Amino acid sequence: MSTQLHNSISIDLPHVEGLKVGIVAARWNNQVTDPLLNGAIDRIVEAGYSRDDITVVRVPGTVELTYAAAQMARSKDFDAIIMIGCVIRGGTPHFDYVCDNATQGCAMLNATQEVPIIFCVLTTDDEQQALDRAGGALCNKGTEAAEAAIEMAALARQYGATSYHDNPLSRAKIHTVRTGE
């Protein structure tokens with residue numbers, strides 16, 4: 001969604017009882033991914049959920065996001081999972097390969113898993129474009145991803161998805177990792 005369009009829309013988020021959100025965030029380009037992560041966490045908390053209901057996993061880079069999100073989805077401990085990364089165009093085709101890997105990985109997970117996977121990977125031509133979208137001049141896409149996670153978790157529940165995290169056999173420990181504190 002266009003940031004300018006999104007900024008002009010007022011969103012009434014649904015309430016999802018017992019919401020658990022997993023966030024997998026890349027460390028690469030952390031000057032961008034840290035503010036995205038913090039924006040997502042802050043928005044979930046502002047929407048009335050506890051930090052204790054957010055699990056954060058850090059991975060080396062954007063390519064590793066799909067694997068970590070898949071493991072989180074398979075745990076059945078989450079109502080939504082957010083993938084946070086940033087790929088800045090360089091002088092080689094590596095940018096295209098990383099972007100393709102992340103987008104196709106997220107699409108595959110959304111088609112095969114029972115939990116919504118939210119794509120919050122910035123793909124920009126330069127660092128300033130990324131910073132502008134990570135709490136800078138144009139908003140924070142992490143905040144938008146958190147809103148999408150809440151909405152999609154509500155949609156999943158509406159159409160029969162169950163909340164798996166109440167399963168007594170669940171393995172995951174719920175905790176929050178906050179960058180910069």
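Any read-out appearing in this document is the output of simple, stated calculations on the displayed coordinates, not a laboratory observation. Just so it is clear, the structure is predicted and the values come from calculations on it, not from any experiment. Every residue, glycine as well, gets a Cβ built from its backbone with ideal geometry; the counts of neighbours run over all protein chains shown.
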Under 5 Å between amide hydrogens, which residues at least 5 positions from Ala80 or on another chain qualify, with H placed 1.01 Å from N in the peptide plane? Lys20, Gly22
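Take the alpha carbon gyration tensor of the range 32-166, find the square roots of its eigenvalues, order them as a ≥ b ≥ c, and report rounded if a/c is under 1.5; if not, report prolate when a/b exceeds b/c, else oblate.
Because a/c hits 1.5 or more and a/b fails to exceed b/c, the range 32-166 counts as oblate.
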Between rounded, prolate and oblate, where does the range 91-139 land on the alpha carbon gyration tensor, with a ≥ b ≥ c its root eigenvalues, rounded for a/c under 1.5, else prolate if a/b exceeds b/c? oblate
Starting from the Cα of Gln31, move 7 Å in the Cα-to-Cβ direction to define the label point; list residues of the range 81-95 whose amide nitrogen is under 13 Å from there. 88
If you take the beta carbon distance between Thr103 and Asp12 as r and set R0 to 25 Å, what does 1/(1 + (r/R0)^6) give as a FRET efficiency, to the nearest 0.05? 0.30
